[in-house]
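The values are calculated or read from the model by the stated rules, or taken from the named source; none is laboratory data. Owing to the predicted nature of the structure, the values given are computational and were not obtained by experimental measurement. We place every Cβ from the backbone using ideal geometry, glycine too, and count neighbours over all the protein chains shown. Side chains included, ligands, DNA and RNA excluded: accessible areas come from the protein's heavy atoms. Shrake-Rupley method; radii C 1.70, N 1.55, O 1.52, S 1.80 Å.
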Amino acid sequence: MKLFRAALLATALALPLSSVAAIASTPADALVVAQNIDDIVALDPAQAYEFTSGELNTNVYDRLVGYEAEDTTVLAPGLATEWTADDAAKTITFTLRDAKFASGNPVRPEDVAFSFSRVIKLNLTPAFILAQLGWTADNIDSMVTIDGNTVTVKYEGDFSSAFVLNVLASRPASIVDEVLVMANETDGDMGNAWLNTHSAGSGPFVMSDYRPAEIVRLTANENYFRGAPAMKSVIIRHVAEAATQQLLLTSGDVDIAKNLTPEQISGLSTDAIKVETYPQAAVHFLSFNQKEESLTPPAVWEAARYLVDYDGMTQSFLKGQMEVHQAFWPKGFPGSYDETPYTYDVEKAKQILADAGVQTPIDVTLDVINATPFTDMAQSLQATFSEAGINFDILPGTGAQVITKYRERTHQGMLLYWGPDFMDPHSNAKAFAYNSDNSDDNYTATTTWRNAWAVPDELNKAVTAALAEPDQAKRNQMYMDIQKQAQEDSPIVIMFQAALTIAMANNVEGYVNGATSDFVYYRLVTK
C-alpha cells in the first residue's frame, strides 16, 4: 500500500497543477483517459497523419458524409443531408444541413469548398487522399463548386461515386470554419499553425486545451447538430508508461486506460473495471514469392492455410493483440468477408501436397521483422510447417531491411502486415487481388506485385469492376466475392487482424473504437 501511494504521489508531482486538478476525480460529466499521445505531429486536418491526431479530428470535425458512432459500418449523412451522384458526368451534388460551427458561425457551402481547396493547395501529408479524385492546385476551384445551399464535387478517374464518397469520408475531408481559420492565418499558411493547437470544426467537441505530450482537453460543443454530448469534457492525459496507466485506472483517477500490456490486462482483478476488445485495420499475412519455383504450386498455398496454428497463437502470445481473420479487408469495415474456413490441420495439409504430387521437403527462407510478436509468430510457423515438410529458415531484420527486400522481390517467404490508407475496400483489393503487369520494371506498392503473383485476368477484372460500381451495397458484395476468391487461391495467406484491448471503469458506456483511430468516438459516452 505504501508503494502504491508513493507511485500515485510521484505521478501527481510530475504533472502541472492544472493537470493534477483535472484528474483528481472523475465527475459524472467528464471522461478522463490515460493514453500515450506523444505521436502527435499535427492536428490540422490538412496535415494530421498520426493515430492520435485522427482520433482528435474525428471528435472535433464533421465531414459531408461519414461512418458514425451509431454504426461504423454504414456510410451516413454528415454535414450533407442528401446527395445526388451522376456517375456518367462524374459529379456528386451535396445538399448541406442547417448547422453551426462551434464558433457560432453557420456552416456554408463556401466552407466546404475552402476546406477541400485548402488541403490541395497546402499539399501536406494526407493531401494525396483527396488528390486521387484528380484534384490539383490548378483545377480545384473548378472541381468543387457551389450553388445556393449545394456543393458539387467533380472527379476524374475510372472509379464510381461510391469510391468518391469513401474518400470524402476520410480525415482530410474534414470541414473547417473558413472565417475563423482565415482570421488566424499567419504568413499565408491558411491558418495551419493555429489549427495545430486549436480547432475550428462543427463536431461534438471543441479542442479547448492542447499541451504537447501532456494533455488534450475537449469541451462539449453546444452547437452540435446532433445535440451536445453527455460528457461536458473529455480529458486525455499523456501517460507514456503502461504501469502508470494501470495504477491510475485501478485507483479510480482515470476512466479509461488505452495502452495496457496483455499481461496487465490479464492481471486486472477488480470488479470495477471491464475490458473491451476492438478489431483494428491491420491484417497480418504470410506470403510466398512466385519467383521461387518450389512455391508456385497452388497446392503449396492451400496446404499453408492448414499449417497455421491460428488458435494456438491467438490464445497464447497473441492474446489481446490479434484475432483470427483470413480475408484481406478488415472486419468492422463495410465489405469485409469474415468467414474463417481454415484451421490448423497437419494431416489435411499433407494430403493436399501428396494429392498434387508436390515433393517435400521444401526449404524456404522466411523474412521477419526482428521484434515481438513477429519473431514469436515466425517460430510458431516454423514449428507447424515443418510437420508437413515445409522448412522455414527464419531471417530476422529491421523493419526497413525486411520491407526493402520485399519491395525488391528478393525474398522467398515473408511475414508482414498491411493497413488501408482510407476506408474503402479498393485500398486493400488493389494490394491483395490485382496485378495486371507483373514485370520487374513495373514497381507497384502491392503485395501481389511484391510476391511476383501474376493475378488471373478474371480477378483483375473483378477488382476493376468493383471500383467502378456505383451501388454501394452491390459494390460491398463484389468485394466480399473477391476476398473469398483470393482467400481460396492466392500465395498470400491472411492469418490475423490486429486487435486493441482497452480497460475502462465499469460505469463507462457508449465508448466506440472502430478499426482505425479515425473511428474513435466519445460523443455517445455516458457514466
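How much accessible area per residue does the chain have, counting only protein heavy atoms and a probe of 1.4 Å, in square angstrom?
Values: 20970 Å² over 527 residues.
Per-residue accessible area for the chain comes out at 40 Å².
For the stretch 38-152, report the convex hull volume of the alpha-carbon atoms normalised per residue, in Å³, without decimals. Spell out each step's value before the answer.
Details: hull volume 14.6 nm³, N = 115.
It comes to 127 Å³ per residue, whole-number rounded.
Under the Karplus relation 6.51 cos²θ - 1.76 cosθ + 1.60, θ = phi - 60°, what is the ordered set of whole-Hz ³J(HN,Hα) values for the stretch 135-150, x standing for Gly and Pro?
Result, ordered by residue: 8, 9, 4, 7, 10, 4, 5, 9, 8, 10, 10, 10, 8, x, 9, 10 Hz.
Only bridges with both residues in the chain count here: give the DSSP antiparallel percent, nearest 5. Don't skip to the answer; put the middle values down first.
Working: 56 of 74 bridges.
The answer is about 75 percent antiparallel.
Return a whole-number percent for the relative contact order of the stretch 20-79, with Cα pairs under 8 Å and 6 or more residues apart as the contact set. Spell out each step's value before the answer.
On the way: 46 pairs, mean separation 10.7, N = 60.
Normalised by residue count, the contact order of the stretch 20-79 is 18 percent.
Given bins 10 angstrom wide, list per bin the percent of all Cα-Cα distances in the stretch 387-492, short to long.
13, 41, 31, 12, 2
Share of Cα-Cα pairs in the stretch 310-378 beyond 16 Å, in percent? Each step should come with its number before you reach the end.
Details: 1580 of 2346 pairs.
For the stretch 310-378, the share of Cα pairs beyond 16 Å comes to 67 percent.
Could you tell me the accessible area of Thr84 in Å² (1.4 Å probe, neighbours in place), rounded to the nearest ten?
Surface open to solvent at Thr84 totals about 100 Å².
Could you tell me the relative contact order of the stretch 369-527? Use alpha-carbon pairs under 8 Å, at least six residues apart, and round to a whole percent. Can you show the working numbers first?
On the way: 138 pairs, mean separation 22.1, N = 159.
Over the stretch 369-527, the number comes to 14 percent.
Let me know the shape class of the chain, please: from the alpha-carbon gyration tensor, a ≥ b ≥ c as square roots of the eigenvalues, rounded when a/c is under 1.5, otherwise prolate if a/b is greater than b/c, or oblate. List each step's numbers first, then the result.
Numbers: a/c = 2.16, a/b = 1.25, b/c = 1.74.
Verdict is oblate for the chain.
Quick check on the stretch 273-431: what are the equivalent-ellipsoid semi-axes from the Cα gyration tensor, as sqrt(5λ), descending, whole Å?
Details: eigenvalues 128, 71, 58 Å².
For the stretch 273-431, the semi-axes come out at 25, 19, 17 Å.
Compute the separation of the alpha-carbon centres of the stretch 154-229 and the stretch 272-340 and state it in Å as a whole number.
35 Å
Once phi is turned into θ = phi - 60°, what whole-Hz ³J(HN,Hα) does the Karplus curve with 6.51, -1.76 and 1.60 give for every residue of the stretch 208-220, x standing for Gly and Pro?
Listing the rounded values in order: 8, 7, 9, 10, x, 6, 9, 7, 10, 10, 9, 10, 4 Hz.
Carbon and sulfur: what percent of the chain's accessible surface (1.4 Å probe)?
The value for the chain is 51 percent carbon and sulfur by accessible area.
Among the listed pairs Lys232/Lys258; Lys274/Lys527; Lys100/Lys154; Lys274/Lys319; Lys291/Lys405, which are separated by more than 19 Å between their Cα atoms? It would help to have the intermediate numbers written out before the result.
Numbers: Lys232/Lys258 21 Å; Lys274/Lys527 13 Å; Lys100/Lys154 25 Å; Lys274/Lys319 16 Å; Lys291/Lys405 14 Å.
Pairs exceeding the cut-off: Lys232/Lys258; Lys100/Lys154.
Around Met322, which amide H atoms from residues at least 5 apart in sequence, or from another chain, sit under 5 Å from its own amide H, with H modelled in the peptide plane?
The list, which skips near neighbours in sequence, is Ala499.
Quick check on packing: order 158-169, 264-275 by the mean number of other C-beta atoms within 10 Å, highest mean leading. Mind dumping the intermediate values first?
Numbers: 158-169: 22.3, 264-275: 13.3.
Ranking the peptides 158-169, 264-275 by packing returns 158-169, 264-275.
Modelled label-to-label distance, Ser25 and Lys474, 7 Å Cα→beta-carbon offset: nm?
Taking the two extended label points, one gets 6.0 nm.
Going through the stretch 307-363, which GluC sites (Glu not before Pro) have at most 15 other Cβ atoms within 10 Å and a DSSP loop state? Display every interim value, and only then the final one.
Working: sites: Glu323, Glu339, Glu347; in loops: Glu339.
Within the stretch 307-363, the qualifying GluC sites (Glu not before Pro) (loop, at most 15 other Cβ atoms within 10 Å) are Glu339.
Consider a paramagnetic label point 7 Å from the Cα of Arg409 along Cα→Cβ; state which residues of the stretch 280-314 have an amide N under 20 Å from it.
286-298, 301
Once phi is turned into θ = phi - 60°, what whole-Hz ³J(HN,Hα) does the Karplus curve with 6.51, -1.76 and 1.60 give for every residue of the stretch 363-371, x standing for Gly and Pro?
After applying 6.51 cos²θ - 1.76 cosθ + 1.60, I find 9, 9, 7, 10, 7, 8, 5, 7, 7 Hz.
Separation of the stretch 346-413 and the stretch 73-98 by C-alpha centroid, Å?
For the stretch 346-413 versus the stretch 73-98, the Cα centre distance is 47 Å.
Report, in deg cm²/dmol and to the nearest 500, the calculated mean residue ellipticity at 222 nm for the chain, where each DSSP H run with n ≥ 4 adds -39500 (n - 2.57) and the sum is divided by the residue count.
Values: 20 runs with 169 residues, N = 527.
Helix-only estimate at 222 nm: -9000 deg cm²/dmol.
Over the chain, calculate the relative contact order: mean separation of alpha carbon pairs under 8 Å at least 6 apart, over the residue count, as a percent. Before the final figure, lay out each step's value.
Details: 1124 pairs, mean separation 105.6, N = 527.
With pairs under 8 Å counted, the relative contact order is 20 percent.
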